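This report refers to the structure that appears directly beneath it.
Only the coordinates and a few stated rules stand behind these numbers; no lab work does. Predicted, not measured: the structure shown is a model, and the values here were computed from it. Note: ideal-geometry Cβ built from the backbone for every residue, glycine included; neighbour counts use all protein chains shown.
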Amino acid sequence: MFAEKENKDSGFILIDKPEGPTSFGVIARLRRITGIKKIGHAGTLDPSASGLLLCAIGREATREISRFVKMDKKYEALIRLGITTDTYDREGKILEKFSGAPVAKKEIKRIVAALPGKQEQIPPMFSAKKVGGKKLYELARKGIEIVRQPSQIEIYQAKILKYHWPELRLMIHCSSGTFIRSIAFDFGNKLGCGAYLAGLKRTELGKFKLKQAVRLEKINQQNWRKFLRLTDLSDVI
């Protein structure tokens, strides 16, 4: 059933992923819609995250997916100040609550201004990054914390979109492999009030933009081909 369509209908679909489904869940749905088994994506979005998910449809496209995985990304991040969680996001267990006065905007601006640049980032325990063949979140759920080696990342730009205590909305343009929840956690530490990632939307992947994407619920067996982009995307690499 699957093999007949793979060579004929191969390309990329830009999906506007809603909050709720996993990235794998999106892939599973596309497999049911297209009848094609060979489908992949360029960069996982957590279930609580939304936004741009580049999906490769068919064998030819999935062979090219590595060209897109390492592209830089832009996000809109909602950071909740004053609370720390064990997962660095809203899904985690609350560890600390800040009882001090609201942080002044000038302090927020100071930290945001210092964000851009090359730096080392330690991946959070609650992440899908593999160490020794094990996903970190699998160990974290068992109460096991291990020493993680830092990764080299780069933040190209950070901009305040809105701030009203205790919520801060940032635009973050960063390299592939950057954990935005770790940025939120570190941000809270630098301010001395704690913080976690309350919401995340990916708005760009390389030259692809969210406004070019189609909402998942609008794709069906009758129309999916009209959203398919050719495998030759050299103009956006």
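So, in segment 106-143, exactly how many residues are assigned to a loop (DSSP other than H, G, I, E, B), within 24 Å of Asp72 (Cα to Cα) and not β-branched (Val, Ile, Thr)? Even if it seems obvious, please write down each step before you answer.
If we filter segment 106-143 for residues that are assigned to a loop (DSSP other than H, G, I, E, B), which is where we start, we get 114-116, 122-129, 132-133, 141-143.
Now drop any that are not within 24 Å of Asp72 (Cα to Cα), which leaves 114-116, 122-129.
Keeping just the survivors that are not β-branched (Val, Ile, Thr) gives 114-116, 123-129.
Counting residues in segment 106-143 that are assigned to a loop (DSSP other than H, G, I, E, B), within 24 Å of Asp72 (Cα to Cα) and not β-branched (Val, Ile, Thr) gives 10.
So if I check each of Ile172, Ile180, Ile153, which one is free of Cβ contacts under 8 Å to residues at least 40 places away in the same chain and in contact with a strand residue (DSSP E or B) (Cβ under 7 Å, 6 or more places away or on another chain)? First the steps, then the outcome.
Details: Ile172 fails: free of Cβ contacts under 8 Å to residues at least 40 places away in the same chain; Ile180 fails: free of Cβ contacts under 8 Å to residues at least 40 places away in the same chain.
After ruling out the rest, the residue left standing is Ile153.
Here are Gly11, Gly58, Gly92, Gly51: which of them is in contact (Cβ under 8 Å) with a residue 40 or more places away in the chain and under 21 Å from Ser175 (Cβ atoms)? Walk me through it before giving the result.
On the way: Gly11 fails: under 21 Å from Ser175 (Cβ atoms); Gly58 fails: under 21 Å from Ser175 (Cβ atoms); Gly92 fails: under 21 Å from Ser175 (Cβ atoms).
One residue alone meets the criteria, Gly51.
Could you run through segment 51-74 and say how many residues are surrounded by 21 or more Cβ atoms within 10 Å (Cβ to Cβ) and under 30 Å from Asn189 (Cα atoms)?
Counting residues in segment 51-74 that are surrounded by 21 or more Cβ atoms within 10 Å (Cβ to Cβ) and under 30 Å from Asn189 (Cα atoms) gives 3.
Kindly provide the set of residues from segment 213-231 that are surrounded by 11 or more Cβ atoms within 10 Å (Cβ to Cβ), among the polar types (S, T, N, Q) and under 20 Å from Pro21 (Cβ atoms), ordered by number.
Asn223
Run down Ile155, Ile146, Ile160 and say which single residue is of a type in the set (A, V, I, L, M), more than 18 Å from the chain's Cα centre (by Cα) and either at positive phi or assigned to a strand (DSSP E or B) (or both).
Details: Ile155 fails: more than 18 Å from the chain's Cα centre (by Cα); Ile146 fails: either at positive phi or assigned to a strand (DSSP E or B) (or both).
Just a single option satisfies the conditions, and that option is Ile160.
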